[in-house]
Structures are given as structure tokens and as C-alpha cells.
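Beneath this line is the structure, given in C-alpha cells, with notes to follow.
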Amino acid sequence: MRHYDFSPLYRSTVAFDRLAQLLDSVSGMEPEATYPPYNIERLGENQYRISMALAGFVEDELKIEVKEQTLTVKGEKKPDQTERHYLHRGIAARSFERRFQLADHVEVSGARLKDGLLDIDLVRNVPERLKPRSIPIGTVAGQIEAHTS
């Protein structure tokens with residue numbers, strides 16, 4: 001029996017309640033891209049943040065889009081017009097596209113770029129009809145009372 005490690009998939013999904021079921025249904029995995037690096041953090045019961053390290057990018061080179069429960073972040077680096085002679089080039093300056101699969105009712109509430117970090121805030125808005133509620137135990141409406149003879 002083979003054991004498959006699905007832990008890399010945890011890094012690209014946000015706020016899944018049924019994550020284990022999803023992972024069990026996955027039949028194959030593609031090699032995961034490592035650029036740009038990112039963190040996913042839980043800020044509260046229904047709040048999340050994705051932070052991406054995007055050194056050298058400016059706001060007009062980034063595009064954030066949500067379509068059918070998929071959050072896509074694209075970075076298109078504009079060509080540098082100045083001629084430079086690098087002795088060592090370790091800062092990536094390439095375009096990228098990173099996708100995150102969002103759970104039901106998770107929405108993007110905002111995004112900001114500061115100090116080379118792109119923060120994308122997410123919130124889970126579960127409709128009232130889907131939230132758990134307590135049902136009081138008591139008499140059923142319209143119940144016929146027992147007759148005494």
C-alpha cells in the first residue's frame with residue numbers, strides 16, 4: 001500500500017472545512033511552483049490573509065482576480081529600460097501566476113502592497129440559513145391535546 005503526502009496541497013487552499021475529503025479525491029499532483037513565496041494565516045474564526053513576497057513589483061504590475069472560487073494573482077514585470085551589469089542576480093524579476101482555490105462563501109475583502117509584501121485579506125461569509133442553530137425542545141405546533149374521559 002502506498003502512502004501519498006498531500007501536505008503540499010494545504011498551502012494552496014484557503015478555508016476548506018472538508019479539506020480531507022477534497023484531498024482524498026485528488027488523483028494526481030502537478031509539481032508545485034515555488035515562486036513567489038507566500039504565507040496563509042488565519043486571523044480569526046472567519047478571517048484569513050495570504051501574504052506574498054513580491055520584492056521589486058509595483059501595484060500596476062500586479063493583477064488580482066476571483067473567478068468561480070479561484071483567486072488568481074498575476075505579476076507581469078515590466079522590462080528594465082536601464083542597462084545594468086550584475087555581478088550576482090539573486091532577486092527574481094520574472095512574471096508569475098499563482099492560483100488559490102477558495103472554499104464556499106470565502107470572499108476577498110481587500111488587498112494592499114507594502115514593503116514588498118502583497119497582503120490579500122479574505123473573509124468567510126456563511127449565510128444565516130447555513131449556520132448551525134439550536135432548536136428548542138417543546139410542543140409541536142398544532143399538536144392535538146389528549147382528551148380525558
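Since every read-out is calculated from the coordinates, none of them should be taken as a lab result. All values derive from a computational prediction rather than experimental measurement. In this analysis, Cβ positions are derived from the backbone assuming ideal geometry, glycine residues included, and neighbour counts consider all displayed protein chains.
At a Förster distance of 25 Å, what's the computed FRET efficiency of Glu83 paired with Glu59, Cβ-Cβ distance as r, to 0.05? Intermediate results must be reported in sequence, preceding the final value.
Details: r = 26 Å, r/R0 = 1.02.
With a Förster radius of 25 Å, E is 0.45.
Around Ala111, which amide H atoms from residues at least 5 apart in sequence, or from another chain, sit under 5 Å from its own amide H, with H modelled in the peptide plane?
Those qualifying (amide H under 5 Å, at least 5 residues apart or on another chain) are Asp121.
What number comes out for the charge environment of Glu76, summing +1 per Lys or Arg and -1 per Asp or Glu over other residues with Cβ under 15 Å away? Mind dumping the intermediate values first?
Details: positive: Lys63, Lys74, Lys77, Lys78, Arg94, Arg98; negative: Glu59, Asp60, Glu61, Glu65, Asp80, Glu97.
That works out to 0.
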